[in-house]
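To keep things clear, I will list the structure first and then write my remarks on it.
The values are calculated or read from the model by the stated rules, or taken from the named source; none is laboratory data. All of these numbers come straight from a predicted model, not from anything done at the bench. With ideal geometry, Cβ positions are generated from the backbone for all residues, glycine too; neighbour counts draw on all protein chains shown. These area figures cover heavy atoms from the full protein model, side chains too; ligands, DNA and RNA do not enter into them. Shrake-Rupley method; radii C 1.70, N 1.55, O 1.52, S 1.80 Å.
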Amino acid sequence: MTSASRSQRTLVLALLCVASFAVVFNNLIITPILPEISDDLGVRVAVAGLLVTAYAVAGGVAAIFSGPFIDRLGRKPVVVSGMAILTVATVASAFAPSYPLLMVARSVAGLGVACLTPAVFSAVGDLFSYEERGKAMSWVVSANTSASIFGVPAGAFLSGMVSWRWTFGVLAVLLAVFTWLIVARLPGDPPRPERPAGTRMFDSLGVVLRDVPAAMALFSNYLATVYWFIFTVYMGAYFHDEFGLAKAALGLMSAVMGLGVLFGSNIGGRLSDKVGKRPVIVWCSGICAVFISLVTTASPVIGMAIGFLFTFSLFSGARFASAQAVTTELVPEHRGTVMALNASGQQFGIVTGSLIGAGVLEVFGYRGLGPASGAVALLSLVTYALYVDEKRFTPAPAPNPA
């Protein structure tokens, strides 16, 4: 894809942004409607939060094995398959009559995400050079955050006015339209190279995991997902219970976070192309640790909580765009496998974060969520700072002639 014309690259990037929007919309929609699902299906909020866990476990396991297929079959077939699975699972979620069946539907949705996420980011890595990839990733992250800013609040409002089932129904219609667009307009991949004789389909997994800097970068990205979801899974319940925010308005919290990530990713992605991606990642991780801790420990009024949350989201967005650009270059000959492992780590990060959040919520209440998230953010920072050296991705300057 690197030799594609500018107009073709723009079209492909736009379609990949559509797919990324769909993933994040489906991922985040549970957060603001969690209290209503809890009431309607007769389960506690902490138990309802396990819907996120089921979604993530299925996606995490499937993503591990999707990478070699992405590298061999190409990006488009996997993206289309993921969109189709996600659409069917969302329809099933809208009509699920009980909590266990809703959990099954969300698990199937996780399988779709396992296909979509690594294929999308792999395609971006194919399309743009490392020196301009931070900016390209910022566009994909912008599509992600558009789901937070526009889609999730609308879904939460619809849930509050009618039912959470309507939210899933409308989402299913959007997904069907997006799938049709991708099938019709996304160009096919160039022929993939044949697998060398004597190698097995999943050998690339071992190649990537034995590369210590690559493995530790993936681990740091996993921790970044953990610290995000320790708080955000229970964010709607926190603002509802602690500040009395109406259920129909809970989606506004997703909009606040989305705006932060939108601005942060665009600033951070472009900045990382100029000053280096590693320093942006390390500094932003530290700042995130501070401000997420303040959300639940130093926010006597809702305005302060929202301000701290916005700042946390701003620097999270900058870290995410920069880290995705680095990840696509860790082992470029096995880019699909790397991004699949990264997606798997993100899904298991959702699992870990939601479980840690549930445990902290039960023992310490809402106040403990921020510091728990901040502690994991610091661990992510240390891991990246110790093991990931961006110099391995950038060519050395040419020597001056004598």
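The table for this structure:
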quantity: Scope the stretch 314-336; condition of a type in the set (Val, Ile, Thr), within 14 Å of residue 126 (Cβ to Cβ) and either part of a helix (DSSP H, G or I) or at pLDDT 90 or above (or both); matching residues; calculated: 327
quantity: Some residue of the stretch 201-209 being touching a helix residue (DSSP H, G or I) at 6+ places or on another chain (Cβ under 9 Å), modelled with pLDDT of 85 or more and surrounded by fewer than 20 Cβ atoms within 10 Å (Cβ to Cβ); calculated: yes
quantity: Cβ-Cβ under 8 Å pairs, at least 6 apart or on other chains, the stretch 12-30 side over 17 Å from residue 157 (Cα atoms) and β-branched (Val, Ile, Thr), far side in a helix (DSSP H, G or I) and open to solvent by 30 Å² or more (accessible area, probe 1.4 Å); calculated: 18/178; 18/181
quantity: Meets criteria (modelled with pLDDT of 90 or more and either surrounded by fewer than 20 Cβ atoms within 10 Å (Cβ to Cβ) or closer than 24 Å to residue 266 by Cβ (or both)) for residue 371; calculated: yes
quantity: Selection within the stretch 241-256 - open to solvent by less than 60 Å² (accessible area, probe 1.4 Å) and either at pLDDT 85 or above or under 23 Å from residue 314 (Cα atoms) (or both); calculated: 243, 245, 249, 250, 251, 253, 254, 255, 256
quantity: Residue in the stretch 227-237 that is aliphatic (A, V, I, L, M), over 23 Å from residue 146 (Cβ atoms) and at pLDDT 90 or above present; calculated: yes
quantity: Verdict on residue 69 being within 30 Å of residue 207 (Cα to Cα), in a helix (DSSP H, G or I) and open to solvent by 10 Å² or more (accessible area, probe 1.4 Å); calculated: yes
quantity: Residue match in the stretch 265-274 (condition: touching a Phe, Trp or Tyr at 6+ places or on another chain (Cβ under 6 Å), open to solvent by 30 Å² or more (accessible area, probe 1.4 Å), aliphatic (A, V, I, L, M) and in contact (Cβ under 8 Å) with a residue 60 or more places away in the chain); calculated: no
quantity: Qualifying positions in the stretch 87-125 - among the small types (Gly, Ala, Ser) and in contact (Cβ under 8 Å) with a residue 24 or more places away in the chain; calculated: 93, 94, 98, 107, 109, 110, 112, 114, 119, 122, 123, 125
quantity: From 78, 43, residue being within 30 Å of residue 215 (Cα to Cα) and of a type in the set (A, V, I, L, M, F, W, C); calculated: 78
quantity: Residue 78 being in contact with a Cys (Cβ under 9 Å, 6 or more places away or on another chain) and of a type in the set (Val, Ile, Thr); calculated: yes
quantity: Among (1) outside any loop (DSSP other than H, G, I, E, B); (2) open to solvent by less than 40 Å² (accessible area, probe 1.4 Å); (3) modelled with pLDDT under 85 - the single one residue 224 does not satisfy; calculated: (3)
quantity: Residues satisfying the stated conditions in the stretch 290-323, i.e. small (Gly, Ala, Ser), within 17 Å of residue 378 (Cα to Cα) and surrounded by fewer than 24 Cβ atoms within 10 Å (Cβ to Cβ); calculated: 293
quantity: Flag for residue 52 being modelled with pLDDT of 85 or more, surrounded by 19 or more Cβ atoms within 10 Å (Cβ to Cβ) and under 16 Å from the mean Cα position of the chain (by Cα); calculated: no
